[in-house]
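As structure tokens, the structure follows; a few thoughts come after it.
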Amino acid sequence: MNETLTETPIRAGNLAAVATPPPPATDERKGLTKKEIAADHPTWCPGCGDFSVLALYFKLIEKRKMWHEKITTIAGIGCSSRFPYFVQAHGAHYIHGRALPFASGISLSRPDLHVFVFGGDGDAFSIGGNHFTHTARKNIKMTYCVMDNWVYGLTKKQTSPTSPLGFKSKTDQWGAVDYPINPMKQAIAAGATFVARTTSTNPNHVLAMMEAAMDHDGFSFIECLSECVEFYEGAFDAANPRKGGAFNEIPKNHDVSDELEAYKLAGADFPGFFGIFYKNNKATKNARESEIQRGMMEKVKGLKDWQILQKNFDRMK
Ligand SMILES: Cc1ncc(C[n+]2csc(CCOP(=O)(O)OP(=O)(O)O)c2C)c(N)n1
Ligand code: SF4
Ligand SMILES: [Mg+2]
């Protein structure tokens with residue numbers, strides 16, 4: 001900021017700007033308030049589960065003292081993917097299913113940012129299915145929260161990859177005939193290094209999962225059940241004690257590094273378990289690539305940019 005100001009001619013009108021002190025060092029800055037993080041008024045239907053996920057994201061930002069310039073919120077397309085519109089920070093409402101490759105570029109080039117991706121079950125597992133698999137196996141550092149409502153909400157009720165058998169929709173008028181995917185199993189098998197499940201009706205649990213995911217150095221994936229009150233009302237009542245359902249946390253003695261055990265827990269009938277199923281600490285793509293870059297920079301130490309370029313061209317001959 002000060003560099004720009006020194007280049008600006010000082011006139012009466014901009015003296016105040018010159019006198020403005022630089023922002024304090026980051027550790028002296030106060031955390032953002034909800035008012036400073038909230039952008040547009042969310043356009044979701046009243047009662048949509050996505051409101052709760054957004055409110056908890058704001059809480060996370062407040063609690064963990066993140067600042068606008070250090071947060072990036074990425075999404076694909078869908079009701080849930082409208083998320084970045086409502087957050088006052090950098091972000092992108094990107095192409096349907098392509099949020100993860102976009103976020104990967106940000107993560108790999110800006111290690112100082114917290115990269116969060118939000119989206120729906122269709123975005124993640126239909127059109128984005130292949131990106132989900134590859135981002136997970138590469139272990140690229142980011143937090144991906146899929147707001148799973150078991151339906152395509154934005155396009156008004158088509159069967160999604162998580163819709164249960166028999167679900168009547170515009171694409172399956174006689175009831176869904178395809179077996180649904182299990183997001184926990186899918187993520188574990190793909191190589192995700194943090195795999196958790198929560199539900200928007202349990203705010204404390206959502207926040208706890210978001211915090212743990214954010215602290216994980218790698219690809220952290222959260223499936224958050226988030227009811228579509230318009231096209232799949234009551235889908236998750238069986239997971240909500242206030243509606244007579246059961247919220248069962250993962251047993252305390254579960255070893256999160258045990259992949260097979262995590263897989264078994266993921267196979268429980270709905271409502272299943274909630275919490276962290278699986279976690280391991282293998283190196284991220286971010287770390288592996290920066291190691292290569294460090295080695296390369298060492299080799300070209302002292303050379304000018306054009307000499308490095310020439311060396312590369314020579315190697316291609
Ligand atoms: C390439 C492409 N194909 C299809 C669509 C239409 N489309 C938009 S959102 C969507 C599905 C959204 O479902 P989901 O990801 O579950 O989000 P929700 O609305 O349920 O939150 C589809 C098929 C699109 N926008 N772009
Ligand atoms: S259609 Fe469903 S998912 Fe979309 S905003 Fe409305 S309740 Fe939420
Ligand atoms: Mg959906």
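No lab work stands behind these numbers, since they all come straight from the coordinates. For clarity, every value in this text was computed on a predicted model and none was experimentally measured. Note that each Cβ is placed from the backbone with ideal geometry, even for glycine, and that neighbours are counted across all protein chains shown.
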Subject >> Yes/no for ALA192 being assigned to a loop (DSSP other than H, G, I, E, B), away from ligand 1 (no atom under 16 Å from the Cβ), among the hydrophobic types (A, V, I, L, M, F, W, C) and surrounded by 24 or more Cβ atoms within 10 Å (Cβ to Cβ) >> reply: yes
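Here's the yes/no breakdown for (1) more than 30 Å from LEU108 (Cβ to Cβ); (2) polar (S, T, N, Q); (3) within 16 Å of ligand 3 (Cβ to nearest atom):
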{"residue": "THR193", "(1), (2), (3)": "no, yes, no"}
{"residue": "ALA196", "(1), (2), (3)": "no, no, no"}
{"residue": "ALA208", "(1), (2), (3)": "no, no, no"}
{"residue": "ALA213", "(1), (2), (3)": "no, no, no"}
{"residue": "SER220", "(1), (2), (3)": "no, yes, no"}
{"residue": "GLU227", "(1), (2), (3)": "yes, no, yes"}
{"residue": "GLU233", "(1), (2), (3)": "yes, no, yes"}
**OP:** State all residues of the range 72-115 that are within 16 Å of ASP217 (Cα to Cα) and touching a Leu at 6+ places or on another chain (Cβ under 9 Å); if no residue qualifies, say none.
**Re:** ILE106, SER107
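Could you grab me the full set of residues in the range 40-83 that are of a type in the set (D, E, K, R) and away from ligand 1 (no atom under 14 Å from the Cβ)? Don't jump to the end; show me each part of the working.
Taking the range 40-83 as the starting set, the residues that turn out to be of a type in the set (D, E, K, R) are 40, 50, 59, 62-65, 69-70, 82.
If the condition is that a residue be of a type in the set (D, E, K, R) and away from ligand 1 (no atom under 14 Å from the Cβ), then ASP40, LYS59, GLU62, LYS63, ARG64, LYS65, GLU69, LYS70 are the ones that fit.
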Subject >> Matching residues, the range 122-160, being within 12 Å of ligand 3 (Cβ to nearest atom), part of a helix (DSSP H, G or I) and under 20 Å from ILE106 (Cα atoms) >> reply: ASP123, ALA124
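Can you name every residue in the range 56-86 that is among the hydroxyl-bearing types (Ser, Thr, Tyr) and away from ligand 2 (no atom under 13 Å from the Cβ)? Break it down stepwise before answering.
The first filter runs over the range 56-86 and keeps only residues among the hydroxyl-bearing types (Ser, Thr, Tyr), leaving 57, 72-73, 80-81, 85.
Matches in the range 56-86: TYR57, THR72, THR73.
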**OP:** Only residues that are under 18 Å from SER126 (Cα atoms), of a type in the set (A, V, I, L, M) and either touching a residue at least 60 places away in the same chain (Cβ under 8 Å) or part of a loop (DSSP other than H, G, I, E, B) (or both): list them for the range 75-103, please.
**Re:** ILE77, ILE95
Original post:
Taking into account only those residues within the range 116-134 that are more than 19 Å from TYR179 (Cβ to Cβ), under 12 Å from the mean Cα position of the chain (by Cα) and more than 16 Å from ligand 2 (Cβ to nearest atom), which is surrounded by the most Cβ atoms within 10 Å (Cβ to Cβ)?
Top reply: VAL117
Original post:
Taking the range 248-258 on its own, how many of its residues are surrounded by 17 or more Cβ atoms within 10 Å (Cβ to Cβ) and within 24 Å of the chain's Cα centre (by Cα)?
Top reply: 2
**OP:** List every residue pair whose Cβ atoms lie under 6 Å apart, where the two residues are 6 or more positions apart in sequence or sit on different chains, the first residue falls within the range 222-241 and is on the phi < 0 side of the Ramachandran plot and outside any loop (DSSP other than H, G, I, E, B), and the second residue, located anywhere, is more than 15 Å from ligand 3 (Cβ to nearest atom) and charged (D, E, K, R).
**Re:** GLU223/ARG197; ASP237/LYS243
Original post:
What pairs can you find where one residue is in the range 280-306 and part of a helix (DSSP H, G or I), the other is among the aromatic types (Phe, Trp, Tyr), and their Cβ atoms are less than 9 Å apart, with a gap of 6+ or different chains?
Top reply: LYS285/PHE219
Original post:
Does THR198 meet the test of being crowded, with 20+ Cβ neighbours inside 10 Å and part of a strand (DSSP E or B)?
Top reply: yes
Original post:
Can you tell me which of GLY218, GLY295 is among the small types (Gly, Ala, Ser), surrounded by 19 or more Cβ atoms within 10 Å (Cβ to Cβ) and closer than 28 Å to ASN139 by Cα?
Top reply: GLY218
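So, of the residues in the range 31-55 that are in a helix (DSSP H, G or I) and within 16 Å of ligand 2 (Cβ to nearest atom), which turns out to be nearest to HIS90 (Cα to Cα)? Explain how you work it out, then say what you get.
Filtering the range 31-55 for residues in a helix (DSSP H, G or I) gives 34-37, 50-55.
Remaining after also requiring within 16 Å of ligand 2 (Cβ to nearest atom): 50-55.
Numbers: ASP50: 20, PHE51: 20, SER52: 21, VAL53: 18, LEU54: 15, ALA55: 17 Å.
So, considering only residues that are in a helix (DSSP H, G or I) and within 16 Å of ligand 2 (Cβ to nearest atom), the one nearest to HIS90 (Cα to Cα) is LEU54.
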